[in-house]
Structure formats: structure tokens, C-alpha cells
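Working notes for the structure below.
Bear in mind these aren't lab numbers, they're just calculated from the coordinates by the rules spelled out. All values derive from a computational prediction rather than experimental measurement. Note that each Cβ is placed from the backbone with ideal geometry, even for glycine, and that neighbours are counted across all protein chains shown.
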Amino acid sequence: MLTQLNVSGGSSGLSLPLYESQPYEVKDISGLGPVPTSLTEITYSDQDGGEVRLANVASREIIISLHLNPNYAVGETAEDLRRALYGIFTGLSEITLSFVDDVVGSMSIKGWVQSITPSMFDPNLGVEIKITCPFAYFKSEQVTTIASPVLTGGNFTIEYEGNAPAGFQFDVMPVTTNMTEFSLKRVGQTYGFSYYQTVNAGNRFAVNTRPGEKAADLWVGAVKTNKLGGVSSFTAWDTLILLPGSNVFNFTWVGPAANPLKNVSWTNYYLSL
């Protein structure tokens, strides 16, 4: 069950217990369910029907309806509470909404304030806040890491407990021998992530396959060099996406005898709360 909403961004943060009334009472929060998928279709010219060419999950719109309960005994007014909200939910600003669930913990989503509308002359003293979230999935705050994946013939498995697709991160770290190439792909797929340049012993090659965050960086000590231009195409990277259940990948390399794949980590993403 959801118990609290924490907001960060703007000039300050805000904590809203969902079942308390001072100083803000949460009357309703809409837009927390699964977001519809937008389909791009083409029709056939020589037969009935057509086919889907592109499927995208639409952006999410969250609407927070609050009731203001000022403490008049200490001189607090409804105007004070409204102005505090204006500072937090600033127009054209990005904020983070973190929803606390008493079972699965905290899940967050980033969004942009679309509008904040007060009912200034309504006895109910309401405020409605609309937030658009271009990336519609909720992200768990818990990170799972496998320091050294157990390999059998180059394979390892990620048990993914989220119900929305997600990427992951990993490091390639040769210890005593230089590595001249490596590749990582989903078992059953022809293409994946490949890098055919030398990574010297003692250096770290860090990869992030999360959509919107894709990165491939070579670290030599504290110096980072972007190596996106030296890896396989982003189309191949799309196979390195975690789906609900067991995800089996294959890692191969040329160079060191010891397995250089380290620190495979991910967070769960959810379609809805």
C-alpha cells in the first residue's frame, strides 16, 4: 500500500503522508496506472490489414489534488501553503516524485511541472498539480549488483523482477593481461554489444545499456574517455534489455584467462504502482 509521496526539485522538497491532513491533505493522485501504448501502423496496398511498424509507451500525466489545511493557531494561512507549493512545483522545472510503498519500498519517476492550479475562492481550498513524465515507468530505488557473475560456458543469468523493460550496467576489468576484444549478447540473439579495441590491464571499461543513458567509457585511473564511437551500433544494444523473468546473456573475450566481467547491476522498473 502506498503510504507517502516525497517530492524533490524546485526550491525545496516536500513530504506528503497520504493519510494525514496537516498541512496538505492528498485528496487524489491520478495517472499511476499503466500507460497506453501508442502504435504506428501501415496498411497494405494489395491486401486487407496492415502491420505495426513502431510501438511506444506514451508519456505519463500525473495529477495531484491537494486540500490545504493551514494551522491558523500559529498564524499559518492558505496563502502561505499555496506559495510554498509554487516554490516546489515551479513551472518549466524537472522534479522527482518518490512513492513509498510499505511492501516494495520506494519507487520514483521524473517529470516536468505542466501546471499548478489553485482554487483560491473555493471554500475547499484546493490545489491541482499536473506533471508530465516523458519516461513513463516507475524506477525502484533498490540496486541489485552481482560482483562477479557465475559463468558456465560464458553464460550468466539476470533474474529480473520488474515488469517494465530496463537496461543494466557492467564493468570489464582485465587484471593481469591486456584484453583485445570482448562481446556481450543475449543468448539466442545474433547481435549484441562488441568492442574490438585493447583494454589494458588495470583499466576499466564501463557500460550502461539503460535507454536514454547508454554509455561506454574507458577509465584509465580517474580519466574517463567516451568510447561510444568504437562499439557496435545502438540497434544491437537493444538486445541488452532486461525483460521480466530470466535473462540469459553470453560474455566472451580475448586476452586474460580470468573472467574480466564485473559489477553487473540493475534496478527494477514498473509499469504502474
Task: Correct option for P(r) over Cα pairs in 5 Å bins from 0, in percent [calculated from the coordinates] among (1) 1, 5, 9, 9, 9, 8, 7, 6, 6, 5, 5, 5, 4, 4, 4, 3, 3, 2, 2, 1, 1, 1, 0, 0; (2) 1, 6, 12, 16, 19, 18, 14, 9, 4, 1, 0, 0; (3) 1, 5, 10, 13, 13, 11, 10, 10, 9, 7, 5, 3, 2, 1, 0, 0 - done: (3)
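Students often check this: by mean Cβ neighbours within 10 Å, which of 97-105, 170-178 ranks highest, and how do the rest follow? Write out the running numbers ahead of the final one.
Working: 97-105: 15.7, 170-178: 17.6.
Per-residue Cβ counts within 10 Å, averaged per peptide and sorted highest first, yield 170-178, 97-105.
How would you order 38-48, 71-81 from highest to lowest mean count of nearby Cβ atoms within 10 Å? Write down the numbers at each step before the final one.
Values: 38-48: 8.4, 71-81: 11.6.
Peptide ranking by packing, descending: 71-81, 38-48.
Determine the gain in length on full extension of the stretch S59-A258; use 0.36 nm per residue of separation and subtract their C-alpha separation, reporting nm with one decimal. Let's see the in-between values first.
Working: separation 199, 0.36 × 199 = 71.64 nm, distance 4.41 nm.
Residue separation times 0.36 nm, minus the Cα-Cα distance, leaves 67.2 nm.
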Open item on the list: In whole Hz and in residue order, list the ³J(HN,Hα) couplings for the range 202-214 that follow from phi through the Karplus curve 6.51 cos²θ - 1.76 cosθ + 1.60, θ = phi - 60°; x for Gly and Pro.
Closed with: x, 8, 10, 10, 9, 10, 10, 9, 5, x, x, 10, 3
Task: Candidate lysines for bridging to K110, where Cα separation is under 21 Å - those fewer than 8 sequence places away on the same chain excluded - done: K130, K139, K214
- [ ] Measure off 7 Å from each Cα along the Cα-to-Cβ vector at E76 and N163, then give the distance between these two points in nanometres to one decimal.
- [x] 3.6
Task: Pairwise label distance in nanometres, V223 with Q47, each label 7 Å out on the Cα-Cβ vector - done: 5.9
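At 0.36 nm per residue, and after removing the present C-alpha to C-alpha distance, how many nm does the segment from T3 to T177 gain when stretched out fully? Before the final figure, lay out each step's value.
Working: separation 174, 0.36 × 174 = 62.64 nm, distance 5.18 nm.
Result for the pair: 57.5 nm of gain on full extension.
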